[in-house]
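Structure record follows, encoded as structure tokens.
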Amino acid sequence: MYSYKDRLYLASGYLSGLSIIIIMVVVLAQIVGRMIGYIVPSAEDISGYCLAASIFFGLAYTFRDGGHIRVTLLIQNLPPKARFVQEFIVLSIGLLAASFICWYSWYMVWESYMFEELTQGYIPMPLWAVQLPLGLGSTGFLLAMLDAMATMFRGGLPNYTHHEDQVPLEDL
Amino acid sequence: MDLIVISLVLVVFMLLMLALGVWVSLSLVSVGVLGLMLIDNGQIGLLFGTTSWGASTNWTLTALPMFIWMGEVLFRTRLAADLFEGLTPWLSRLPGKLLHVNVLSCGIFAAVSGSSAATAATIGRMTLPELKKAGYSDRMSIGTLAGSGTLGLLIPPSIILIVYGVAAEVSISRLFIAGALPGLLLVFLFMGYIIVWALLNKDQVPQKDTIDLSLAMKLKTLKKLLPILGLIGFVLGSIYGGFTTPTEAAALGVFGALLLAFFTGTLNLTTFSASLLGAVKSSCMIGLILVGAHFLTLAMGFLGIPRALAANIGNLDLTVFQLLAYLTLLFVILGCFLDGISVVVLTVSVVMPMIEQAGIDLLWFGIYIVLVVEMSQITPPVGFNLFVIQSLTGKNILYIARAALPFFLLILLALILIYIFPGIATYLPYSMAQR
């Protein structure tokens with residue numbers, strides 16, 4: 001069955017999915033509200049925050065499933081040893097980039113918290129709270145990279161490489 | 001450092017990262033960081049924070065996961081089968097018969113789904129075995145599917161038009177409406193070609209499968225098409241009429257698609273979560289690319305490369321036609337290695353000032369760039385539609401590319417027509433009601 005790690009990845013995916021569902025509900029509520037003359041406060045802002053949440057929460061799940069696209073044309077036919085080295089370099093660059101994203105996402109959250117900034121919409125909300133998913137999601141992204149790196153240190157190719165040759169839509 | 005040197009360093013760095021297999025989104029971020037480091041910008045991380053927050057909370061962009069999810073839901077319904085059964089009796093009199101089903105089903109499915117891979121996969125899964133059973137030539141079945149699968153990019157709702165609209169700051173409602181006529185033009189070109197081909201190659205079209213149904217029966221099969229046509233009319237009509245924003249139309253579309261799946265009995269917990277996770281994967285991937293592209297665009301702005309490029313091109317006194325010809329060449333080369341969305345975000349961050357300087361309508365350019373991307377979808381070595389059809393049929397990718405070649409040329413013809421008659425793209429959007 002699922003290991004605890006698989007569950008974490010799935011949780012990342014479902015958190016992102018939940019944010020997408022919230023967007024749908026909020027936008028539908030806005031449409032219905034307009035028809036009966038009730039304005040859903042801050043509907044556009046809330047769905048925007050949910051979009052950010054869905055993008056960042058889903059990073060880890062998408063990464064592990066090979067969802068983030070890259071050019072595999074030149075690397076797919078490398079001999080196994082060269083392929084391993086290449087994947088190691090790529091993952092190291094990925095780790096650097098993910099650390100950068102993670103660090104400055106948290107920095108942004110921390111700054112919003114320190115200056116007690118509020119969102120600008122109809123309902124003022126603490127900005128750090130709606131920015132929190134960026135910090136959490138990018139941390140998940142970094143952890144997923146570290147997990148892939150750990151796999152490489154055990155001598156295997158990371159999980160994402162197994163899914164990449166598949167066409168995006170499953171069960172063809 | 002000199003601007004030319006910086007540009008060269010960045011281009012080489014970008015190509016190196018992409019060739020090595022670094023994820024497109026992270027390559028965009030890294031090139032942005034390097035560019036800002038080269039001009040000693042001290043605020044790189046802060047700039048990234050602000051742009052990623054700004055890019056990912058963009059209200060117009062919320063249409064993206066909605067439309068992706070809608071396609072994922074419909075992909076798991078009986079829609080493809082219904083389209084096949086509903087359309088077949090009506091097309092049996094046209095020369096080429098069932099081949100037209102490929103084109104029209106793709107066209108109709110494209111109007112509810114935003115991606116060309118999804119369109120080709122959903123329709124091909126249904127039609128290819130049926131065409132084979134009826135004895136149609138493999139090559140023509142595959143070619144029509146590859147060609148008309150690309151309609152998913154152009155016929156609204158289209159993921160790539162949302163990406164272009166967000167990146168180039170053009171109204172997505174207008175872009176969607178602008179895609180409608182060129183999409184229809186392509187459908188007619190494809191069907192016209194099939195008719196001519198069928199008349200010239202009578203021996204390759206099976207003659208006996210004509211089932212002439214009475215008009216009453218024909219109308220009965222049409223009923224199968226009603227839900228999907230209703231959904232299309234509803235989503236596109238409300239955008240064109242100015243009743244809803246694209247995001248609202250998309251949310252209604254997802255809701256409608258879920259209802260449709262529910263009433264046809266294909267909605268259960270498994271398909272629901274599978275469609276949701278599928279939507280997560282695509283929208284998360286595109287979302288991160290857009291965050292990276294936004295950051296790169298900002299970095300480019302700081303460096304001044306697009307401005308300098310626009311000024312240099314301005315000095316060259318190129319005609320619009322020459323400029324477009326060079327750009328097309330560039331896009332086709334890029335499209336050989338990158339997917340459509342990456343081509344669009346990469347070029348928009350550099351090329352936009354140049355386009356504006358040349359006095360080219362940004363709306364028209366959006367349709368133009370999508371047509372070029374459509375062509376690149378069916379050219380090897382990297383063409384997503386080719387991959388999809390490869391996994392559907394198990395045929396060699398070069399064989400599929402050869403089968404798709406006539407359709408590549410037809411898209412090129414459409415591109416030329418739209419250059420000569422820009423109104424095909426711009427008439428509807430400039431006459432629509434805007435909310």
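When the test is whether a residue is modelled with pLDDT of 90 or more and farther than 29 Å from B:SER238 by Cβ, B:PHE387 does not pass it. No other residue among A:TYR122, A:TYR113 is in contact with an Asp or Glu (Cβ under 8 Å, 6 or more places away or on another chain), in contact (Cβ under 8 Å) with a residue 12 or more places away in the chain and not acidic (Asp, Glu) apart from A:TYR122. Filtered by the rule that a residue be open to solvent by less than 30 Å² (accessible area, probe 1.4 Å) and aromatic (Phe, Trp, Tyr), the range A:1-28 gives a lone residue, A:TYR9. With respect to the conditions (1) outside any loop (DSSP other than H, G, I, E, B); (2) free of Cβ contacts under 8 Å to residues at least 60 places away in the same chain, B:ASP40 lacks only one, and its number is (1).
Please find, among A:PHE63, A:PHE56, A:PHE153, A:PHE88, the residue that is farther than 26 Å from B:SER283 by Cβ and in contact (Cβ under 8 Å) with a residue 40 or more places away in the chain. Walk me through how you get there before you give the answer.
Values: A:PHE63 fails: farther than 26 Å from B:SER283 by Cβ; A:PHE56 fails: farther than 26 Å from B:SER283 by Cβ; A:PHE153 fails: in contact (Cβ under 8 Å) with a residue 40 or more places away in the chain.
Unique residue meeting the criteria: A:PHE88.
You will find that of B:PHE84, B:PHE67, the residue that is among the aromatic types (Phe, Trp, Tyr), crowded, with 24+ Cβ neighbours inside 10 Å and either part of a helix (DSSP H, G or I) or without any contact (Cβ under 8 Å) to a residue 60 or more places away in the chain (or both) is B:PHE67 and no other.
Could you check the range B:240-257 and list, in sequence order, the residues that are touching a Ser or Thr at 6+ places or on another chain (Cβ under 9 Å) and either open to solvent by 30 Å² or more (accessible area, probe 1.4 Å) or not charged (D, E, K, R) (or both)? The answer is B:TYR240, B:GLY242, B:THR244, B:THR245, B:PRO246, B:THR247, B:ALA249, B:ALA250, B:ALA251, B:LEU252, B:ALA257.
May I ask you to list the residues in the range B:24-37 that are open to solvent by less than 30 Å² (accessible area, probe 1.4 Å) and without any contact (Cβ under 8 Å) to a residue 24 or more places away in the chain?
So the first thing to find is which residues in the range B:24-37 are open to solvent by less than 30 Å² (accessible area, probe 1.4 Å), and the list is B:24-33, B:35-36.
Of everything in the range B:24-37, just one residue is open to solvent by less than 30 Å² (accessible area, probe 1.4 Å) and without any contact (Cβ under 8 Å) to a residue 24 or more places away in the chain, namely B:SER30.
Would you mind stating whether A:ALA97 is in contact (Cβ under 8 Å) with a residue 40 or more places away in the chain and closer than 22 Å to B:VAL291 by Cα? Against the criterion (in contact (Cβ under 8 Å) with a residue 40 or more places away in the chain and closer than 22 Å to B:VAL291 by Cα), A:ALA97 does not qualify. None of B:THR51, B:THR122, B:THR62 is over 20 Å from the mean Cα position of the chain (by Cα) and under 30 Å from A:VAL27 (Cβ atoms) except B:THR51. In the range B:296-309, is there at least one residue being open to solvent by less than 20 Å² (accessible area, probe 1.4 Å) and closer than 17 Å to B:LEU415 by Cβ? No - not one qualifying residue is present in the range B:296-309. All conditions but one from (1) under 22 Å from B:LEU386 (Cα atoms); (2) open to solvent by 10 Å² or more (accessible area, probe 1.4 Å) apply to B:ALA167; the one that does not is (1). Candidates B:ILE232, B:ILE195: the one that is at pLDDT below 90, open to solvent by less than 60 Å² (accessible area, probe 1.4 Å) and farther than 30 Å from B:SER52 by Cβ is B:ILE232. Residue pairs whose Cβ atoms lie under 6 Å apart, separated by 6 or more positions or on different chains, with the first residue in the range A:6-18 and facing chain B (nearest Cβ under 9 Å) and the second among the polar types (S, T, N, Q), are A:SER16/A:SER54. The helices (runs of 4 or more DSSP H) found entirely in the range B:161-246 that carry 1 or more residues being farther than 26 Å from B:ARG78 by Cβ are B:172-200, B:226-240. Whether a residue is open to solvent by less than 20 Å² (accessible area, probe 1.4 Å), among the aliphatic types (A, V, I, L, M) and within 18 Å of the chain's Cα centre (by Cα) was assessed, and B:ILE378 passes this test. Within the range A:49-84, being assigned to a helix (DSSP H, G or I) and either more than 9 Å from chain B (Cβ to nearest Cβ) or surrounded by fewer than 21 Cβ atoms within 10 Å (Cβ to Cβ) (or both) holds for A:ALA60, A:ARG64, A:PRO80, A:LYS81, A:ALA82, A:ARG83, A:PHE84. Within the range A:30-48, the set of residues being part of a helix (DSSP H, G or I) and hydroxyl-bearing (Ser, Thr, Tyr) comprises A:SER47 only. Within the range B:250-268, residues that are within 11 Å of chain A (Cβ to nearest Cβ) and without any contact (Cβ under 8 Å) to a residue 12 or more places away in the chain reach partners that are assigned to a helix (DSSP H, G or I) and open to solvent by less than 40 Å² (accessible area, probe 1.4 Å) with beta carbons closer than 8 Å, at six or more positions or on different chains, in the pairs B:PHE255/A:MET24; B:PHE255/A:LEU28.
Select, from B:GLY292, B:GLY287, the only residue that is within 8 Å of another protein chain (Cβ to nearest Cβ) and either within 27 Å of A:GLY66 (Cβ to Cβ) or free of Cβ contacts under 8 Å to residues at least 24 places away in the same chain (or both). From the options B:GLY292, B:GLY287, the qualifying one is B:GLY287.
Residue-by-condition table, conditions (1) among the basic types (Lys, Arg); (2) under 14 Å from the mean Cα position of the chain (by Cα); (3) surrounded by fewer than 15 Cβ atoms within 10 Å (Cβ to Cβ):
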{"residue": "A:CYS102", "(1), (2), (3)": "no, yes, no"}
{"residue": "A:SER112", "(1), (2), (3)": "no, no, no"}
{"residue": "A:LEU118", "(1), (2), (3)": "no, no, yes"}
{"residue": "A:PRO124", "(1), (2), (3)": "no, no, yes"}
{"residue": "A:LEU127", "(1), (2), (3)": "no, no, no"}
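Contact map, the range B:145-161: residues that are within 19 Å of B:PHE188 (Cα to Cα) and open to solvent by 10 Å² or more (accessible area, probe 1.4 Å) paired with residues that are outside any helix (DSSP H, G or I) and of a type outside the set (Ser, Thr, Tyr), Cβ distance under 8 Å, separation 6+ or inter-chain. Pairs shown: B:ILE155/B:ALA111.
The values are calculated or read from the model by the stated rules, or taken from the named source; none is laboratory data. Being a predicted model, the structure only gives us computed values, none of them experimental. Heads up, the Cβs are rebuilt from the backbone with ideal geometry, glycines too, and the neighbour counts pull from every protein chain shown. Calculation scope for accessible area: heavy atoms of the full protein, side chains included, ligands and nucleic acids excluded. Shrake-Rupley method; radii C 1.70, N 1.55, O 1.52, S 1.80 Å.
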